[in-house]
Amino acid sequence: MAFREVTMLEVKEVLRLWLLGVPKKGIAAQLGFDVKTVRRYLAVARARGVEPSHGLAALDDELVAAVVAATQPGTGRPRGEGWAVCESHREFISGHLSHRVRLSKVGKLLRRRGVEVSYDTLRRFALEQLGFGSGAPTVPVADGEPGQELQVDTGWMTLLEPDLFGKRRRFKAWIFTAVRSRHRFVYPVFHETTESAIEACESAWEYFGGIFHVIIPDNTKAIVAEADPIAPRITDAFREYAQARDFSIDTTRVRRPKDKARVERTVPTVRDDCFGGERLRTIDEARARARRWGLEEYGMRRQTRTQRLPREHFEAEERAALSPAPTTPYDVPLWTDCKVALDQFASVAKSLYSLPFALRRHQLRARADSQLVRFYEHGKLVKTHPRKAPGQRAIDHADFPEHALAAGQRDTAFFVGKAKEHGEHVGRFAEALAASPLPWTRLRMLFKLLGLARKYGARLDASCKTALDADMVDVYRLADLVRLDTRLAPPTAQVIPLARYLRPASQYALPLARRERQNEGEDT
């Protein structure tokens with residue numbers, strides 16, 4: 001026979017009417033209970049020392065709870081066979097769960113052993129008996145002061161309409177959410193880069209009408225170069241931008257979505273509610289759609305947690321607390337690592353810039369904006385160049401040896417000037433060589449001429465005069481001519497210098513020894 005479950009409010013009403021002096025049958029008739037049920041509830045109350053003479057002052061939640069606990073013991077649904085199976089394999093299940101094996105995998109391992117149990121029964125058993133899924137209590141994080149924090153996230157959105165070639169491009173979106181008011185700004189982009197992050201922030205300041213004091217991004221490589229819970233390393237370009245716009249960066253921890261819970265689950269919402277079903281042809285149309293959605297649709301929809309319209313909430317509390325919005329566009333710099341090649345050039349944004357000879361093969365850090373390119377070594381500025389378009393070169397002549405620069409620039413006038421230093425006719429001969437229409441050939445001929453000048457000195461000038469008089473402009477024949485002039489030159493007279501002392505040779509003859517003189521006498 002089924003019995004109707006009596007709620008706590010009905011039990012409380014039974015006790016209240018009893019304390020007001022209503023008889024048992026009157027209470028049963030008024031509430032639709034059996035008299036025996038009413039008598040059972042009142043017996044528990046009398047056992048606790050409560051009488052009708054005590055009045056309503058004796059009615060409290062403790063009395064009601066005691067009556068309910070005594071008269072309605074937890075019956076619950078009887079356990080089935082699956083529960084008994086789980087109980088018999090308790091050690092096997094708890095052992096795998098303690099080693100962080102997924103519960104679904106535990107079910108598969110049980111089936112391999114010939115144990116059939118449904119996942120729902122296994123999950124209820126793990127929850128009630130093994131403490132599965134129990135974790136630390138969740139405490140709501142404070143929203144902070146108005147205009148203080150802005151949380152940032154990124155995610156893939158939808159596809160644009162086909163272009164002229166029938167291709168569809170998928171785009172991402174930077175999503176900004178004010179922590180206190182939940183007011184939201186969405187900025188679609190094609191690539192998640194530092195440049196697009198700065199561009200999105202600039203648009204966000206214009207959208208919100210000011211700059212938040214702290215932004216809380218995740219560990220995207222566009223902003224965070226190296227993640228760390230305490231001291232993350234921010235990319236140079238974005239850190240410089242934060243300093244220019246005067247806001248702080250408070251990054252989240254890796255794989256800790258609760259650190260930016262206000263924006264963590266917004267990617268599916270923005271993708272489906274803002275862009276879902278829309279026919280967008282260009283990225284500009286997507287941005288216009290996102291702006292209209294944030295202001296007119298999401299911004300005017302009552303937020304579940306705050307129970308206020310996000311746009312109205314933001315205008316009322318946060319806008320006045322923001323820093324003034326920027327009035328001039330930000331010149332986004334490009335920071336990059338570059339290596340100085342053997343030719344003393346470093347490549348930045350597909351342009352070449354000269355560096356001093358001492359910096360060859362050095363690794364430098366370059367910063368390029370729309371006007372200048374600066375090169376740093378260990379934080380020290382070593383060179384500055386004006387920004388060049390891709391494919392062009394910026395050359396500082398002071399960085400190169402003058403002869404190497406002249407050779408690289410095919411400056412024949414420089415080498416003609418060097419030839420003139422060796423004589424008038426050598427200079428004239430060099431000018432005649434430089435009149436050749438072949439650029440590299442005439443440079444090599446000038447190199448040959450300067451080599452002859454270093455070897456033969458002033459004698460080359462006379463040979464050049466002879467060659468010019470004969471209208472012979474050939475550096476090889478000039479070399480033969482200067483060597484021939486060397487062979488035909490009169491030999492230098494070999495003059496033996498006079499000795500300092502002139503004496504007869506007899507004065508230098510040594511006298512014979514005594515034994516030698518005796519031998520000479522015997523022979524005679």
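The values are calculated or read from the model by the stated rules, or taken from the named source; none is laboratory data. None of these values were measured; they are calculated from a predicted model. Here Cβ is always computed from backbone atoms with ideal geometry, including for glycine, and neighbour counts include all displayed protein chains.
Points to keep in mind about this one:
- Failed criterion for residue 151 (all others in (1) of a type outside the set (A, V, I, L, M, F, W, C); (2) surrounded by fewer than 15 Cβ atoms within 10 Å (Cβ to Cβ); (3) touching a helix residue (DSSP H, G or I) at 6+ places or on another chain (Cβ under 7 Å) hold): (2)
- Being closer than 30 Å to residue 365 by Cβ and either surrounded by 15 or more Cβ atoms within 10 Å (Cβ to Cβ) or basic (Lys, Arg) (or both) is a description that applies to residue 330.
- Residue 257 free of Cβ contacts under 8 Å to residues at least 40 places away in the same chain, in the same structural domain as residue 153 (by TED's automatic domain parsing) and over 18 Å from the mean Cα position of the chain (by Cα): yes
- When we screen 228, 236, 218 for residues that are modelled with pLDDT under 95 and in contact with an Asp or Glu (Cβ under 9 Å, 6 or more places away or on another chain), the only hit is 218.
- From 100, 168, 184, residue being among the basic types (Lys, Arg) and in contact (Cβ under 8 Å) with a residue 12 or more places away in the chain: 184
- Restricting attention to the stretch 324-349, the residues that are more than 26 Å from the chain's Cα centre (by Cα) and not in a loop (DSSP other than H, G, I, E, B) total 1.
- Top-ranked residue in the stretch 101-114 [being surrounded by fewer than 16 Cβ atoms within 10 Å (Cβ to Cβ) and under 19 Å from residue 80 (Cβ atoms); ranked as nearest to the chain's Cα centre (by Cα)]: 111
- Hey, residue 456 farther than 18 Å from residue 407 by Cα and either buried (at least 18 other Cβ atoms within 10 Å of the Cβ) or among the charged types (D, E, K, R) (or both) or not: yes
- Qualifying helices (runs of 4 or more DSSP H) (wholly inside the stretch 4-73; at least 2 residues being among the basic types (Lys, Arg)): 8-19, 24-31, 35-47
- For the stretch 209-250, a residue qualifies if it is part of a strand (DSSP E or B) and of a type in the set (S, T, N, Q), and exactly one does: 248.
- Scanning the stretch 260-273 for any residue that is touching a residue at least 40 places away in the same chain (Cβ under 8 Å), of a type in the set (Val, Ile, Thr) and not in a helix (DSSP H, G or I) turns up nothing.
The rows are residues; the columns are (1) outside any strand (DSSP E or B); (2) polar (S, T, N, Q); (3) in contact with a strand residue (DSSP E or B) (Cβ under 8 Å, 6 or more places away or on another chain).
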site: 127; (1), (2), (3): yes, no, no
site: 132; (1), (2), (3): yes, no, no
site: 138; (1), (2), (3): yes, yes, no
site: 150; (1), (2), (3): no, no, yes
site: 153; (1), (2), (3): no, no, yes
site: 175; (1), (2), (3): no, no, yes
site: 185; (1), (2), (3): no, no, yes
site: 198; (1), (2), (3): yes, no, no
site: 207; (1), (2), (3): yes, no, yes
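- Qualifying residue in the stretch 441-461 (condition: under 60 Å from the mean Cα position of the chain (by Cα), in a helix (DSSP H, G or I) and touching a residue at least 40 places away in the same chain (Cβ under 8 Å)): no
- Residues in the stretch 317-347 that are among the small types (Gly, Ala, Ser) and in contact (Cβ under 8 Å) with a residue 40 or more places away in the chain: 4 in all.
- Within the stretch 394-419, the set of residues being surrounded by 15 or more Cβ atoms within 10 Å (Cβ to Cβ) and not aromatic (Phe, Trp, Tyr) comprises 394, 395, 396, 399, 405, 406, 407, 411, 412, 416, 418, 419.
- Residues within the stretch 362-393 that are within 21 Å of residue 343 (Cβ to Cβ), among the small types (Gly, Ala, Ser) and surrounded by fewer than 17 Cβ atoms within 10 Å (Cβ to Cβ), tallied: 2
- Entry remark, the stretch 136-153: residues being under 33 Å from the mean Cα position of the chain (by Cα) and modelled with pLDDT under 80 number 4 in total.
- Some residue of the stretch 39-57 being among the aromatic types (Phe, Trp, Tyr) and in contact with a Phe, Trp or Tyr (Cβ under 7 Å, 6 or more places away or on another chain): no
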